[in-house]
Amino acid sequence: MDIVSIVGARPQFIKAAQVSREIRKKHKEIILHTGQHYDPTMSATFFEELKIPEPDYNLGVGSGSHAEQTGRMVIGVENVLLKERPALVLVYGDTNSTLAGTLAAVKVHIPVAHVEAGLRSFNRKMPEEVNRVLVDRVSHLLFCPTKTAVKNLENEGLTKGVHLVGDVMYDAALHNKALAEEREILKKLDIKERSYLLVTVHRPVNTDSKENLTTIVDALISSEEDVVFPAHPRTIKFLKKYGLHDKLKESIHLIKPASYLDFTCLLMNAKKMITDSGGVQKESYFYEIPCITLRKETEWVETVEDGWNILVGANKDRILDAIKTFDPKGERRESYGDGKASKRISEIIDEELS
Ligand code: UD1
Ligand code: UDP
């Protein structure tokens, strides 16, 4: 049976790499890249490094407002689906590519399987939260990474087609750990293990707000720690707009987005992680790196409950205090499965399509 997998943004390439390997054992997979991320460091690098098959289609939609971007994607995805008529559409996570793929598919009566279903921040100001709620409501198969996600769906009356499979990002971490350990990125940056803070920032609440971005930059500079900051293009755009870019570049290692293996190597060797990313909060937990999260809430509540993640928002005193004192040591539960989520997803899809 034919399956169309829809991807478009960095974390989706990482997730799809795992699931794609499994589903290709039994089905014909057609990869549709929406083109939401297009810089080589945000897209092509991941396909090459993670050996993801070349996309069969690239819609090349690029950047734009939510409506422009999502609208262009819905039209492009529909064209491909009408031509290919797959038995199933597979979507990942919570981006505009996820929403567009889902809308296009359900309207032409093609069932949707959602990987990473049931996540909720309960903050509807996040574009991702709106995408998650809508996608889950109309998906046929809901692959949940955590028990919390299953519960969230249950609370919204969604129980049909729900499967607790574990987290495909944990699969990716296990699959790639040894390769990441061999990377030479520390040598390239001339830094030593456990001597630096690793930072990523890309959520609109932090990047688009002059006040929040300035606060974060101030905190990083005044911490006097060595900082490595692989910056998302969105963040570079706003650092420049608010006149913060040159000041930050003088004080820290402000570098291009890292490849997945380089980033994993940087994370495994960091003193602490500072981030507003969803995926990176979990990866810090996988590698037992204390995570300071620049948000007020998280979907990945297990990381906080187990004491390995602290939510500080864009608050300078709280960020600096966490850099100095946050020192988790507690046990971590097996919150994100056993590294076989992708295999389980593929088996459930086989059953569904047989
Ligand atoms: C998107 C997702 C977010 C996810 C993130 C992963 C939505 C609403 N947001 O956010 O959930 O966490 O991807 O990284 O789908 N840009 C470039 N080159 C690129 C890509 C983006 O320059 O290759 C710049 C553009 O100025 C663009 C901005 O980054 O306007 C934002 O890109 P966009 O894809 O709209 O959202 P992200 O912030 O990347
Ligand atoms: N990542 C990467 N290079 C970077 C920053 C992050 O490869 O420079 C990886 C990271 O390891 C994680 C994923 O990108 O697997 C997270 O993506 P992002 O933070 O863009 O999105 P989110 O998870 O918040 O949706």
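The values are calculated or read from the model by the stated rules, or taken from the named source; none is laboratory data. Values in this document were obtained by computation on a predicted structure and should not be read as measured data. Here the Cβ is made from the backbone with ideal geometry for all residues, glycine too, and neighbour counts use every protein chain on show.
Below are the figures for this structure:
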| quantity | calculated |
| --- | --- |
| Top-ranked residue in the range 219-233 [being buried (at least 17 other Cβ atoms within 10 Å of the Cβ) and in a helix (DSSP H, G or I); ranked as farthest from ligand 2 (Cβ to nearest atom)] | 219 |
| Residue within the range 152-161 that is among the small types (Gly, Ala, Ser) and more than 16 Å from ligand 2 (Cβ to nearest atom) present | yes |
| Breaking point among (1) assigned to a helix (DSSP H, G or I); (2) without any contact (Cβ under 8 Å) to a residue 40 or more places away in the chain, for residue 216 | (2) |
| Count of the range 15-44 residues which are in contact with a helix residue (DSSP H, G or I) (Cβ under 8 Å, 6 or more places away or on another chain) and more than 10 Å from ligand 1 (Cβ to nearest atom) | 14 |
| Long-range neighbours under 9 Å by Cβ, at least six apart or interchain, first residue under 18 Å from residue 13 (Cα atoms) and modelled with pLDDT of 95 or more within the range 276-289, second among the small types (Gly, Ala, Ser) and away from ligand 1 (no atom under 16 Å from the Cβ) | 282/173; 282/335; 283/173 |
| Test: residue in the range 126-147 that is touching an Asp or Glu at 6+ places or on another chain (Cβ under 8 Å), buried (at least 17 other Cβ atoms within 10 Å of the Cβ) and of a type in the set (S, T, N, Q) | yes |
| Helices (runs of 4 or more DSSP H) completely within the range 1-112 that count 3 or more residues being closer than 21 Å to residue 341 by Cα and in contact (Cβ under 8 Å) with a residue 60 or more places away in the chain | 10-23 |
| Residues that are among the hydroxyl-bearing types (Ser, Thr, Tyr) and within 11 Å of ligand 1 (Cβ to nearest atom), drawn from the range 201-228 | 207 |
